[in-house]
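Trainee: The structure under discussion is supplied below as structure tokens; questions concerning it will follow.
Please treat every number below as a calculation from the coordinates, not as lab data. Just so it is clear, the model here is predicted, and its values are computed rather than measured. Cβ placement follows ideal geometry from the backbone for every residue including glycine, while neighbour counts extend to all protein chains displayed.
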Amino acid sequence: ATCMLMLQFTMYMYVSIYGTAERNVATGGEAPKKKESAGVLEGVYLFIQHNYVKGIFAISCLFMVEVTIIDFTMKVLARNHFAEEHPCEPSMACYDHEFGNHGMTEDATAAVTKFLGLFGQATNGLSFVMSLLGTSAVIRYLGLRLTLLLFPSLCLFVIIMVRLRPTLYVVFLAMILLKGFSYSLNNPTKEMLYQPTSQAVRYKAKSWIDTFGARGSKALGSVVTNAFSYSADVLVANGSLVGIAVASFLIFNANFMGKKFDEYMESGHIVGEENSGVAEDGGAHVEMGIAQNEVADTSCAIDEDDEIGPEEEGQSDEEKESKSPAVARV
């Protein structure tokens with residue numbers, strides 16, 4: 001409740017200082033231009049059209065399949081572990097006499113709650129330390145391409161570790177690493193991948209990826225966990241195979257995206273520019289100008305042109321440059 005009150009106070013202070021669009025117009029400010037609303041299908045169209053956007057989707061969302069599987073595995077192992085530590089006896093209220101099932105005692109439930117609270121603290125603590133001290137240093141030292149490969153490689157290592165030693169605290173460590181590094185390492189690098197993209201991709205495709213892509217990946221992970229939820233051993237054996245397959249694909253995709261990012265940044269290519277209104281007005285002319293500037297001689301005049309008068313031969317370089325557009329038009 002205190003956080004919500006602080007949020008409302010912050011919004012009030014922001015509006016008081018910077019105002020709203022209606023109030024700015026009333027006081028003589030310029031009204032912002034109204035843009036066309038971006039539909040969901042426009043983001044899907046950009047996703048289908050550009051492989052680079054598909055790669056961003058994979059980096060942003062597919063690791064959530066692994067996270068969902070391991071997270072469910074950790075909770076199943078935690079329930080079984082603490083149920084054994086605090087068993088439910090037939091004389092207790094948690095025991096189901098009709099079917100003979102042992103439920104969770106109050107001590108076991110409290111132990112699971114404490115365990116999950118410790119998990120949340122450890123995950124957020126690792127994310128905070130990495131974001132504060134490690135993320136920028138890693139990107140500067142390794143570069144974006146190798147940093148992109150770092151997180152899926154970590155995912156593959158973690159999945160293999162869980163498959164080989166499926167104990168509660170091994171899975172606990174795996175989840176801390178996955179969640180912590182996804183917040184501190186994967187999220188910043190995926191945002192950097194939007195640099196060589198147009199506004200259409202950043203606002204239309206990105207919103208679709210962040211909303212539907214993320215939820216779809218979690219749903220896919222839930223399908224896997226639901227299919228093998230009847231046994232913890234079966235869940236670990238089959239869920240880890242799915243995780244290994246996803247992590248292997250993410251390594252391939254990260255290598256591809258790193259190469260494409262370097263290529264596009266070097267060449268100045270903008271992904272999705274043909275879908276942007278800015279590109280329709282002037283984007284093509286800007287690219288033409290860049291291409292012409294890379295050529296040694298971009299003038300349309302002829303050196304042996306007899307029409308150049310003697311009064312033009314003594315002109316300074318600045319005067320010649322000021323008349324060069326006119327000469328180019330001739």
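Trainee: Quick check: net charge around Ala247, other residues with Cβ under 14 Å of its Cβ, Lys/Arg +1 and Asp/Glu -1?
Mentor: Within the 14 Å Cβ shell, the charges total 0.
Trainee: Still on this model: Once you've got the Cα coordinates, tell me which of Lys54/Lys260; Lys54/Lys190; Lys54/Lys206; Lys54/Lys179 are over 19 Å apart. Please list the in-between numbers first.
Mentor: Working: Lys54/Lys260 12 Å; Lys54/Lys190 12 Å; Lys54/Lys206 11 Å; Lys54/Lys179 22 Å.
Pairs exceeding 19 Å: Lys54/Lys179.
Trainee: Quick one: net charge of Phe172's neighbours, Cβ under 14 Å, K/R +1, D/E -1?
Mentor: +4
Trainee: List, in order, the whole-Hz ³J(HN,Hα) value for each residue of segment 193-209 obtained from phi through the Karplus relation with A = 6.51, B = -1.76, C = 1.60 and θ = phi - 60°; use x for Gly and Pro.
Mentor: 5, 7, 4, x, 10, 7, 5, 4, 6, 5, 9, 9, 5, 4, 5, 5, 4
Trainee: In the calculated pair distance distribution of segment 106-171, what percentage of Cα-Cα distances lie above 17 Å?
Mentor: 63
Trainee: Quick one: check the C-alpha center-to-center distance for segment 220-244 versus segment 49-93, whole angstrom.
Mentor: Between the Cα centres of segment 220-244 and segment 49-93 lies a distance of 9 Å.
Trainee: Continuing with this model, one more query. Using 0.36 nm per residue of separation minus the Cα-Cα distance, give me the extension gain between Val15 and Asp210 in nm, one decimal.
Mentor: 67.5 nm
Trainee: If you don't mind, there's one more thing I want to ask. Amide H neighbours of Val271 under 5 Å, counting only residues 5+ apart in sequence or on other chains, H built in-plane at 1.01 Å?
Mentor: Amide H neighbours of Val271: Thr197, Ser198.
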